[in-house]
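K.L.:
This is the structure I want to talk about, given as structure tokens.
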Amino acid sequence: MPNHNPIMNILVCISHVPDTTAKINFTGDGKALDPNGVQFVINPYDEFGLTKALHLKEAHGGTITVINVGLAATEPTLRKALAIGGDKAVRINANPEDAITVAKELKNHIEANSYDLIICGQESIDYNGQQVPAMIAAMLKLPFANACVGLTINSDTALATSEIDGGHATFQAKLPMIVGGKKGLVEEKDLRIPNMRGIMSARTKPLELVEPSVNDGATKALHFEKPAPKAAVKMVDAGNVDELVRLLHEEAKAI
Amino acid sequence: MSVLVFVEDWNGSFKKASFEATSYAKRWANMMNTQVVAVTSNSTTSSELHAYGADHVLQITLTKTGMGIAEQLGQLCNDAQGVVIAGTALGKTIGPALAALNNGSLSTNTISLPLSINPTEVKRGAFSSKGIETIELNGSLPIISFVPNSIGIAEITGEGETNSKDITGNDLMEITEVNVASGKVALPEAEAVVSAGRGLKGPENWGMIEELADVLGAATACSKPVSDIGWRPHSEHVGQTGIQVNPNLYIAIGISGAIQHLAGVSASKTIVVVNTDSEAPFFKAADYGIVGDAFEVIPKLVDALRAFKAAS
Ligand SMILES: Cc1cc2nc3c(=O)[nH]c(=O)nc-3n(C[C@H](O)[C@H](O)[C@H](O)COP(=O)(O)OP(=O)(O)OC[C@H]3O[C@@H](n4cnc5c(N)ncnc54)[C@H](O)[C@@H]3O)c2cc1C
Ligand SMILES: Nc1ncnc2c1ncn2[C@@H]1O[C@H](COP(=O)(O)O)[C@@H](O)[C@H]1O
């Protein structure tokens with residue numbers, strides 16, 4: 001019988017982002033996020049990816065490496081990824097200010113190692129770039145499934161399902177490949193909360209520190225502001241939906 | 001020299017985002033005193049693009065995936081001063097792949113026209129619409145991927161020419177199956193979205209939501225728990241960790257307005273909230289609100305809208 005479950009070496013790219021409930025404020029000069037009072041977490045899209053990696057490892061055996069391009073403050077996030085089930089972590093010691101720089105750092109790491117599968121999230125919920133995974137794929141000329149909501153691996157071939165506008169498309173690709181994953185890769189209920197044993201063992205799992213090798217960004221954040229606040233809501237009586245229709249037509253010009 | 005715009009084709013015709021992209025490119029090209037080259041696989045109705053600003057239409061046989069298309073576009077960028085791509089599902093792969101292949105400088109999630117050229121500056125959404133970032137694109141090839149519906153369309157009376165060209169690209173993978181719901185409005189580009197939450201009590205109650213969407217020509221959406229429990233498909237989940245939308249009209253029914261939900265919908269131009277609880281946080285983010293039971297209000301609203309449509 002052919003071996004349909006070869007051992008898999010999986011890289012999960014993790015971004016370190018403000019918790020979804022965080023109130024976002026910027027520094028007085030508007031140059032950056034004000035991290036005061038903000039709790040940072042594993043990017044939710046990457047959590048689905050990490051959980052998918054655990055499922056694949058359970059089925060195939062292998063190793064899960066988690067990686068982040070970030071400064072020392074991101075280490076607790078990597079440790080959490082180890083507590084959830086990653087085997088080892090790598091931190092590339094650079095401030096991730098520009099997507100192409102992050103993508104090049106990750107690409108250099110991927111080239112120097114051999115992975116069967118690279119799982120990214122569709123998007124980081126901080127700067128909402130949706131850039132890094134497609135950039136890595138383009139530089140390495142690897143197949144790429146964006147907005148990936150389903151992935152099955154059979155021997156050296158992957159079947160990946162992506163959300164496209166108005167529906168889904170399924171792709172067949174030879175490994176290694178890159179996915180930009182989201183909910184659907186695994187379900188919400190599959191997400192794992194690290195237990196005590198996981199947290200303890202994460203402390204002794206390897207976390208390798210790598211100095212950056214890239215220094216040529218293409219974009220620069222100049223300024224951040226908050227969106228203008230909404231005007232007060234206009235309440236309409238539940239018995240008077242005609243009034244709502246009138247307002248939507250005449251005032252909001254929305255219908 | 002030119003601004004190149006990638007114009008996506010959907011089965012032989014263009015969606016609004018295609019015209020918006022062309023129109024974006026025209027306005028940018030005017031700032032730079034240059035012309036617009038629209039690249040499309042459409043061979044039948046491509047002359048429509050002139051009315052939105054395409055000076056030249058370049059018709060090529062596109063490959064099937066974003067990676068392949070990025071490689072093809074990359075070969076056309078030699079004398080491009082900028083590239084415009086609509087942030088559709090496909091555009092979201094093409095933009096960064098092209099930037100990586102051609103040493104470009106990319107802004108995704110862009111919500112403004114260029115504020116300046118040399119260097120190019122634009123505004124983009126960040127922190128799930130909780131912030132707006134002004135970004136500078138340096139380097140020789142600025143690439144702008146914008147949020148569909150955020151810029152608008154400007155029609156002009158223009159004309160131009162169409163040429164075709166042979167260019168190849170590698171898909172790197174094979175498409176085995178495509179399922180697109182026909183006749184349904186796709187969420188990211190919808191001009192109106194009718195969205196419902198846990199307040200609806202069960203999947204059997206979505207009939208009135210679909211009716212409302214139908215009268216408005218709207219797409220249907222839902223809150224995250226509703227898709228997590230399987231009342232509705234995941235593809236309808238909107239919010240910070242779902243699809244982000246910015247329609248002209250967003251109607252939220254039986255949704256409390258949690259911060260993660262608001263983060264994905266607050267860019268909508270007009271927001272209507274229907275909720276039994278007058279303290280629901282969603283009212284603070286709404287333009288119009290009705291405190292009431294969806295099961296009573298929505299059927300009445302459907303009737304009122306039908307009457308309005310019939311009269312207008
Ligand atoms: C990491 C993370 C990410 C998340 N991402 C998202 C996201 O992307 N999108 C998202 O939506 N959520 C997201 N959430 C979940 C979010 O926090 C809320 O739990 C969710 O939005 C609540 O959904 P809901 O409003 O449908 O349900 P509920 O909070 O249960 O609200 C139901 C509402 O319906 C009203 N209601 C009840 N009966 C009626 C009736 N008959 N008529 C009218 N109104 C009625 C109630 O008053 C209530 O306000 C996320 C959470 C986390 C932790
Ligand atoms: N600094 C980073 N370190 C590691 N992975 C990252 C980093 N930034 C982005 N990624 C990966 O790329 C995905 C998309 O991110 P982005 O392009 O920033 O929206 C994320 O979900 C991560 O998987």
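K.L.:
If you bin the C-alpha pair distances of region A:8-226 every 5 Å from 0, what whole percents do you get?
P.N.:
1, 7, 15, 20, 21, 16, 11, 6, 2, 0, 0
K.L.:
Looking at this model, which pairs from A:23/A:183; B:224/B:284; A:183/B:26; A:104/B:224 are more than 26 angstrom apart at the alpha-carbon?
P.N.:
Listed pairs above 26 Å: A:183/B:26; A:104/B:224.
K.L.:
Positive end of the dipole of region A:1-54, charges at C-beta (+1 Lys, Arg; -1 Asp, Glu), about the Cα centre: which of A:14, A:37, A:25 has its Cα farthest in that direction?
P.N.:
So the residue we want is A:14.
K.L.:
Any aspartates and glutamates with Cα under 15 Å of the residue B:16 Cα? List them, leaving off those in the same chain fewer than 8 positions away.
P.N.:
A:165, B:8, B:48, B:155, B:189, B:191
K.L.:
Which log10 I(q)/I(0) values does region B:1-87 give at q = 0.25 Å⁻¹ under the Debye formula, counting every alpha carbon as one identical point scatterer?
P.N.:
With one equal scatterer per Cα and no solvent, log10 I(q)/I(0) is -1.32.
K.L.:
Taking the Cα centre of the protein assembly as shown as origin, sum charge times position over the Cβ atoms of Lys and Arg (+1) and Asp and Glu (-1), and report the length of that vector in debye to the nearest 20.
P.N.:
Here the size comes out at about 1040 debye.
K.L.:
To the nearest whole number, what is the average tally of beta carbon atoms from other chains within 10 Å of the beta carbons of peptide A:213-222?
P.N.:
Per residue, the average neighbour count from other chains is 6.
K.L.:
Among A:231, A:73, A:145, whose mean-square fluctuation peaks in a Gaussian network model of chain A (Cα, cutoff 10 Å)?
P.N.:
Highest fluctuation among the options: A:231.
K.L.:
Just checking the output field for A:173-180: average partner chain Cβ neighbours within 10 Å of each residue's Cβ?
P.N.:
The mean count of partner-chain Cβ atoms within 10 Å per residue comes to 2.
K.L.:
In what order do A:219, B:45 fall by count of nearby beta-carbon atoms within 10 Å, going from fewest to most?
P.N.:
On the way: A:219 27, B:45 12.
Ranked by crowding around the Cβ, least crowded first: B:45, A:219.
K.L.:
Right, something else. Rounded to the nearest whole Å³, what is the per residue volume of the convex hull around the Cα atoms of region B:187-311? Kindly include the intermediate steps, with their values, before the conclusion.
P.N.:
On the way: hull volume 11.3 nm³, N = 125.
Spelled out: Cα convex hull of region B:187-311, divided by residues, is 90 Å³.
K.L.:
Give me the dipole magnitude in Debye, nearest 20, for region B:187-311 about the Cα centre, with unit charges on the beta carbon: positive for Lys and Arg, negative for Asp and Glu.
P.N.:
In total the dipole reaches around 160 debye.
K.L.:
A follow-up question, please. Which shape class applies to region A:118-255: rounded if a/c is under 1.5, otherwise prolate when a/b exceeds b/c and oblate if not, where a ≥ b ≥ c are the square roots of the Cα gyration tensor eigenvalues? Kindly include the intermediate steps, with their values, before the conclusion.
P.N.:
Details: a/c = 1.93, a/b = 1.77, b/c = 1.09.
Since a/c reaches 1.5 and a/b is larger than b/c, the shape of region A:118-255 is classed as prolate.
K.L.:
What average number of partner chain Cβ atoms lie no more than 10 Å from the Cβ of the residues making up A:43-50?
P.N.:
Working: counts 1, 3, 1, 0, 1, 1, 0, 0.
Other-chain Cβ atoms within 10 Å of each residue's Cβ, averaged: 1.
K.L.:
Can I ask one more? Give the dimensionless ratio obtained when the Cα radius of gyration of region B:2-164 is divided by 2.2 N^0.38 Å.
P.N.:
After normalising by residue count via 2.2 N^0.38 Å, the value is 0.93.
K.L.:
Then there is this: Just how large is the dipole of chain A about the Cα centre, in debye to the nearest 20, putting +1 at every Lys and Arg Cβ and -1 at every Asp and Glu Cβ?
P.N.:
In total the dipole reaches around 600 debye.
K.L.:
If all Cα-Cα distances of region A:11-76 are sorted into 5 Å bins from 0 onward, what percent lands in each bin, rounded to whole numbers?
P.N.:
3, 16, 19, 20, 16, 10, 7, 4, 3, 1, 0
K.L.:
Follow-up question, since we're still on this one. Which value, in Å³ per residue, describes the convex hull spanned by the Cα atoms of region A:1-110?
P.N.:
Per residue, the Cα convex hull of region A:1-110 comes to 110 Å³.
K.L.:
Okay, next question. Among B:184-191, A:28-35, B:239-246, B:169-176, how do they line up from the highest to the lowest mean number of other beta-carbon atoms within 10 Å? The partial results should precede the final answer.
P.N.:
Details: B:184-191: 21.1, A:28-35: 12.1, B:239-246: 24.0, B:169-176: 16.4.
Packing order, densest peptide first, comes out as B:239-246, B:184-191, B:169-176, A:28-35.
K.L.:
Which values, in whole Å and largest first, are the semi-axes of the equivalent ellipsoid of the protein assembly as shown obtained as the square root of 5 times each eigenvalue of the Cα gyration tensor?
P.N.:
In descending order the semi-axes read 36, 31, 23 Å.
K.L.:
Okay, next question. With unit charges on the beta carbons (Lys and Arg positive, Asp and Glu negative) and the dipole taken about the Cα centre of region B:76-186, which residue among B:108, B:76, B:131 sits farthest to the positive side?
P.N.:
Of the listed residues, the answer is B:131.
K.L.:
Would you please calculate the Kirkwood hydrodynamic radius of region B:123-205 over all C-alpha pairs and express it in Å, rounded to one decimal?
P.N.:
After inverting the mean inverse Cα-Cα distance, the result is 19.3 Å.
K.L.:
May I pose another question? If packing is taken as the mean number of other Cβ atoms within 10 Å per residue, what is the order of A:171-184, A:239-252, B:222-235, highest first?
P.N.:
Details: A:171-184: 23.5, A:239-252: 16.6, B:222-235: 20.2.
Per-residue mean Cβ counts within 10 Å order the peptides as A:171-184, B:222-235, A:239-252.
K.L.:
Now, a different point. Where does the protein assembly as shown land at 222 nm, in deg cm²/dmol rounded to the nearest 500, when only DSSP H runs of n ≥ 4 count, each adding -39500 (n - 2.57), divided by all residues?
P.N.:
Values: 13 runs with 144 residues, N = 567.
Calculated mean residue ellipticity at 222 nm is -7500 deg cm²/dmol.
K.L.:
Which one of A:215, A:36, A:25 has the biggest mean-square fluctuation once chain A is modelled by GNM with Cα springs under 10 Å?
P.N.:
Between A:215, A:36, A:25, it is A:36 that shows the largest mean-square fluctuation.
K.L.:
Applying the Karplus parametrisation 6.51 cos²θ - 1.76 cosθ + 1.60 with θ = phi - 60° to the phi angles of region B:123-128, what ³J(HN,Hα) value in whole Hz is obtained for each residue in order, glycine and proline being reported as x?
P.N.:
Calculated HN-Hα couplings, in order: 9, 9, x, 9, 6, 6 Hz.
K.L.:
Just want the answer: with Cβ charges of +1 for Lys and Arg and -1 for Asp and Glu, which residue in B:251, B:265, B:237 is farthest toward the dipole's positive end in region B:187-311?
P.N.:
B:265
K.L.:
Next up: Compute the angle between helix A:99-112 and the longest alpha-carbon principal axis of chain A, please, reported from 0 to 90 degrees and rounded to the nearest 10.
P.N.:
Here the helix axis deviates by roughly 20 degrees.
K.L.:
Please say if chain B is rounded, prolate or oblate, where rounded means a/c under 1.5 for a ≥ b ≥ c the square roots of the C-alpha gyration tensor eigenvalues, and otherwise the choice is prolate for a/b larger than b/c and oblate otherwise? Show your work: numbers first, answer last.
P.N.:
Details: a/c = 1.99, a/b = 1.86, b/c = 1.07.
Since a/c reaches 1.5 and a/b is larger than b/c, the shape of chain B is classed as prolate.
K.L.:
Give me the percent relative contact order of chain B, please, defined on Cα pairs under 8 angstrom at least 6 residues apart.
P.N.:
Relative CO of chain B lands at 14 percent.
K.L.:
Which residue, B:149, B:109, B:163, has the most motion in a Gaussian network model of chain B that connects Cα atoms within less than 10 Å?
P.N.:
Of B:149, B:109, B:163, the Gaussian network model singles out B:163 as fluctuating most.
K.L.:
As I understand it, the value is the acute angle between the Cα axis of helix B:16-32 and the longest principal axis of the Cα atoms of chain B; what does it come to in degrees, rounded to 10?
P.N.:
50 degrees
The numbers here are math on the coordinates, done by the rules we state, and not lab data. Quantities reported herein were computed from a predicted structural model and do not represent experimental measurements. Here the Cβ is made from the backbone with ideal geometry for all residues, glycine too, and neighbour counts use every protein chain on show.
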